[in-house]
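Only the coordinates and a few stated rules stand behind these numbers; no lab work does. Remember, it's a predicted structure, so these values are computed and weren't measured experimentally. Glycine gets a Cβ as well: all are built from the backbone with ideal geometry, and neighbour counts include every protein chain shown.
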Amino acid sequence: MKKENLILLVEDEPSIRRNVSEYLRLSGFQIIETQNGEEALLIADTIKPDLIISDIMMPKINGYDFVKQLRKKANFTSVPVIFMTAKSDMESMREGMNSGADDYIVKPFPLPDLILLIQRKLDRMQDLHKQIEAEMIKEGLNIGRLKTHELNTPLHGILGSASLLLETMKLN
């Protein structure tokens, strides 16, 4: 399976999960579906999604706790998470963002709005990856110069000591 644009969809309501999943597939995304946060935590490491869409009100592990536990994993500190929920009050939104979500969309919503939101998040992640890659290349070059310097410094000392030994041997 090609990993590009792989989305983990976490939704306990079968009809919503099916409809959103189908629309996202038709829009060119690859979707892995789960029913709750517990299942999602179990498979997230295996599939390594590019983005996660999660409901908040679910059995076993709710969306808030799912994202909090997910963010503790090193591989998921920067994976975008969008809450897709019926909870529209400001307190719920604030709790969602404080739990580690990157965005929040309230049900019912037009599916094209979800696509735009997903695309913005994926584009932002791609830009960040390019920026990190450029920094790594830049730092890699600096490390290469540093390595050369660090290797040459002890060699100068060794060569200097060898020269002194040779001079001492010539004098004797």
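Select from region 8-28 the residues that are of a type in the set (A, V, I, L, M, F, W, C) and part of a helix (DSSP H, G or I) and list them in ascending order.
The answer is 16, 20, 24, 26.
Starting from region 100-114, take each residue that is under 18 Å from residue 80 (Cβ atoms) and free of Cβ contacts under 8 Å to residues at least 24 places away in the same chain and list its partners that are buried (at least 16 other Cβ atoms within 10 Å of the Cβ) and among the polar types (S, T, N, Q), counting only C-beta distances under 8 angstrom and pairs at least six apart or across chains.
Matching pairs, first to second residue: 104/85; 105/85; 106/85.
Would you check which residues across region 40-67 are crowded, with 16+ Cβ neighbours inside 10 Å and out of contact with any strand residue (DSSP E or B) (no Cβ under 8 Å at 6 or more places or on another chain) and list them?
41, 61, 62, 64, 65
Identify, from the list 43, 31, 52, the residue that is free of Cβ contacts under 8 Å to residues at least 60 places away in the same chain, farther than 16 Å from residue 102 by Cβ and not in a helix (DSSP H, G or I).
Just one listed residue meets the conditions, 31.
Could you run through region 63-93 and say how many residues are of a type in the set (Gly, Ala, Ser), in contact (Cβ under 8 Å) with a residue 40 or more places away in the chain and assigned to a loop (DSSP other than H, G, I, E, B)?
1
Return the only residue of 96, 100 being small (Gly, Ala, Ser), over 15 Å from the mean Cα position of the chain (by Cα) and either more than 19 Å from residue 16 (Cα to Cα) or assigned to a loop (DSSP other than H, G, I, E, B) (or both).
Residue meeting the stated conditions: 96.
Identify, by number, the condition in (1) touching a strand residue (DSSP E or B) at 6+ places or on another chain (Cβ under 6 Å); (2) over 22 Å from residue 94 (Cβ atoms) that residue 26 doesn't meet.
(1)
Could you say whether any residue in region 78-96 is farther than 18 Å from residue 12 by Cα and of a type in the set (Lys, Arg)?
The answer is yes, given that some residue of region 78-96 is farther than 18 Å from residue 12 by Cα and of a type in the set (Lys, Arg).
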